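Some notes on the structure that comes next.
The values are calculated or read from the model by the stated rules, or taken from the named source; none is laboratory data. Remember, it's a predicted structure, so these values are computed and weren't measured experimentally. Every residue, glycine as well, gets a Cβ built from its backbone with ideal geometry; the counts of neighbours run over all protein chains shown.
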Amino acid sequence: MANEPHEMTASELSAQFQTRDLSPVEVTEGCLTRIEALDAEINSFCLVDQDASRAMAEASEARWLAGEPLSPLDGVPVAVKDLLLTKGWPTLRGSRTVDPNQSWDTDAPTVARLREAGAVLIGKTTTPEFGWKGSTDSLLTGTTRNPWNKAKTPGGSSGGTAAAIAARFCPLGLGTDGGGSIRIPSGFCNLFGLKPSFGRVPAYPLSPFGTLAHVGPMSRTVLDSAMLMNVIARPDARDWHSLPFDETDYAAEIESPLAGKRIAFSPRMGFATRVLPEVETLVAAAAKRFEQLGAHVERVDPPGGDPGAIFRALWWSGAAALLGDYPEEKKALLDPGLRRMAEEGVQISKKDYLAATLSRGAYGSAMRVFMEKYDFLLTPALATTAFDVDKLSPLDDDGNAWMSWTPFTVPFNLTQQPAASVPCGFSSDGLPVGLQIVGRMYDDVGVLSAAFAYEMADPHFDKTPRGF
């Protein structure tokens, strides 16, 4: 990696803090300077509080000088998606309907764990309104752009976090993922992003989209996300869905060999019909790399077919539950696409919602049985590369919002399995492509280790967007 602090990964910064070759204050100042100079081109941050970030960095520096850091991530800058409550800062969720003039006195579990670990919160990142779609623009904060090509979207809904990391404004970030919202922008921005097993990373308050929604790490390298998992996967009693804490050291356990692992490779999941040929070619080459690493790779489609109708019933109902009772004056402030989704969701009957819930259970059960034969499933992360900003889809608008180009992410929110996007190359026009690695339920360590082995064999994380 380059020697400039903004080019360093979180693990490299931590090592530099340990040897006192760099200080958290120096690194934080560098991040703030880059954000001030360059983010107008990208619009990745919706809130930057320089004084607060500097105070966190100064406190961290004092701990390192005293030989008493709170964690390896003490002093490392981290971006927080603006769907996650952050004490002292408004969490507006990309919406003009949220009143900024209220008490902001609560941290979401992940934010609380970051404070306990001594991390520097570098700012809040943009999101589409309430995280409803797979690109990042809103009537509140405007359009967020992809550092790899500023005419393109960074994806969503964690697009602000992805753009900030890709532009080297910070090495780490928090994202949320209800239908691909960590994996989509990671794939579009040449990042690693993990949607952990549901309940592995505590959340509070619970998402209006229910048990589809996960919280997870985003970074340029797998190791950095593993280090962040060590912090954010710690328990929080406010999340009644959270899994028992198992004290796994994710960073220490990622160097597990792939030799002998059984891997399913499904380039279309058995139902995706519109996948960009360059995406298929790069992902197939990545699957071949797993064979070269000693894994047994079998081309096979998982069961269940297209679960899009199940997801649509649940996601649209979530929008209706969140916004359906808004008075007209508040509905008029909403993104028209989100308003339309909520209005359509109101028309979904209780019977249809319960039927979708039962179908989800059957789909998830079939997937778990399928995964008994395989350690991992490989698919493209997305059916396309990044497309033009301010679009909902590069394909025809079929009324299903972003689902036509995210056939590979949505299924694993339904099944709640761990799934990650790891960079696997670039298209002919220089846009990143992501490989999705799906693991057995609860095998977050396995997904991290498989991604790490692939990353070491075929690294792309050291490539930098032009101008950043």
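Within segment 26-54, count every residue that is in a loop (DSSP other than H, G, I, E, B) and either touching a Ser or Thr at 6+ places or on another chain (Cβ under 6 Å) or basic (Lys, Arg) (or both).
Number of matching residues: 2.
Note down all Cβ pairs under 6 Å where the first residue falls in segment 246-261 and is over 16 Å from Ala226 (Cβ atoms) and without any contact (Cβ under 8 Å) to a residue 40 or more places away in the chain, the second is assigned to a loop (DSSP other than H, G, I, E, B) and not charged (D, E, K, R), and they're at least six residues apart or on different chains.
Taking only residues 6 or more apart or on different chains, the pairs are Ala259/Gly294.
Pro24: under 22 Å from the mean Cα position of the chain (by Cα) and not basic (Lys, Arg), yes or no?
In short, no.
Quick check on my filter: what residues within segment 443-455 are closer than 15 Å to Glu253 by Cβ and of a type outside the set (Asp, Glu)?
The answer is Val445, Gly446, Val447, Leu448, Ser449, Ala450, Ala451, Phe452, Ala453.
Give the number of residues within segment 181-209 that are among the aliphatic types (A, V, I, L, M), in a loop (DSSP other than H, G, I, E, B) and in contact (Cβ under 8 Å) with a residue 40 or more places away in the chain.
Residues flagged as among the aliphatic types (A, V, I, L, M), in a loop (DSSP other than H, G, I, E, B) and in contact (Cβ under 8 Å) with a residue 40 or more places away in the chain within segment 181-209 amount to 4.
Could you tell me whether segment 255-267 includes any residue that is under 23 Å from Asp429 (Cβ atoms), at pLDDT 95 or above and surrounded by fewer than 19 Cβ atoms within 10 Å (Cβ to Cβ)?
Looking for residues that are under 23 Å from Asp429 (Cβ atoms), at pLDDT 95 or above and surrounded by fewer than 19 Cβ atoms within 10 Å (Cβ to Cβ), one finds none in segment 255-267, hence no.
Please tell me if Thr384 is surrounded by 15 or more Cβ atoms within 10 Å (Cβ to Cβ), part of a helix (DSSP H, G or I) and modelled with pLDDT of 95 or more.
So Thr384 does not fit the description; no.
Is there a residue in segment 435-442 that is modelled with pLDDT of 95 or more, surrounded by fewer than 24 Cβ atoms within 10 Å (Cβ to Cβ), in a loop (DSSP other than H, G, I, E, B) and touching a Lys or Arg at 6+ places or on another chain (Cβ under 7 Å)?
yes
I'd like the residue in segment 211-245 that is over 17 Å from the mean Cα position of the chain (by Cα) and touching a residue at least 40 places away in the same chain (Cβ under 8 Å) and, out of all such residues, is surrounded by the fewest Cβ atoms within 10 Å (Cβ to Cβ).
Restricting to residues being over 17 Å from the mean Cα position of the chain (by Cα) and touching a residue at least 40 places away in the same chain (Cβ under 8 Å), the top hit is His241.
Mind listing whichever residues of segment 55-81 are part of a loop (DSSP other than H, G, I, E, B), in contact with a helix residue (DSSP H, G or I) (Cβ under 7 Å, 6 or more places away or on another chain) and not hydrophobic (A, V, I, L, M, F, W, C)?
Pro69, Ser71, Pro72, Asp74, Gly75 - these are the residues of segment 55-81 that are part of a loop (DSSP other than H, G, I, E, B), in contact with a helix residue (DSSP H, G or I) (Cβ under 7 Å, 6 or more places away or on another chain) and not hydrophobic (A, V, I, L, M, F, W, C).
Would you check if Lys87 is surrounded by fewer than 16 Cβ atoms within 10 Å (Cβ to Cβ), within 23 Å of Ala203 (Cβ to Cβ) and basic (Lys, Arg)?
Answer is yes for this residue.
Please tell me if Lys150 is surrounded by fewer than 24 Cβ atoms within 10 Å (Cβ to Cβ) and either among the basic types (Lys, Arg) or within 16 Å of the chain's Cα centre (by Cα) (or both).
yes
Just checking: which of the helices (runs of 4 or more DSSP H) contained wholly in segment 258-348 hold 1 or more residues that are among the aliphatic types (A, V, I, L, M)?
277-292, 308-323, 336-346
Kindly provide the set of residues from segment 9-40 that are of a type outside the set (Ser, Thr, Tyr), touching a residue at least 40 places away in the same chain (Cβ under 8 Å) and buried (at least 16 other Cβ atoms within 10 Å of the Cβ), ordered by number.
Ala10, Leu13, Phe17, Pro24, Val27, Cys31, Leu32, Arg34, Ile35, Leu38, Asp39
Among the candidates Pro418, Pro423, single out the residue that is under 12 Å from Gly187 (Cα atoms) and either in contact (Cβ under 8 Å) with a residue 12 or more places away in the chain or in contact with a strand residue (DSSP E or B) (Cβ under 9 Å, 6 or more places away or on another chain) (or both).
Step by step, each of Pro418, Pro423 is checked, and only Pro423 is under 12 Å from Gly187 (Cα atoms) and either in contact (Cβ under 8 Å) with a residue 12 or more places away in the chain or in contact with a strand residue (DSSP E or B) (Cβ under 9 Å, 6 or more places away or on another chain) (or both).
Out of segment 114-135, which residues are part of a helix (DSSP H, G or I) and surrounded by fewer than 24 Cβ atoms within 10 Å (Cβ to Cβ)?
Arg115, Glu116
If only one of Pro394, Pro432, Pro380 is of a type outside the set (Gly, Ala, Ser) and within 17 Å of Arg268 (Cα to Cα), which one is it?
Checking each option against the conditions leaves just Pro380.
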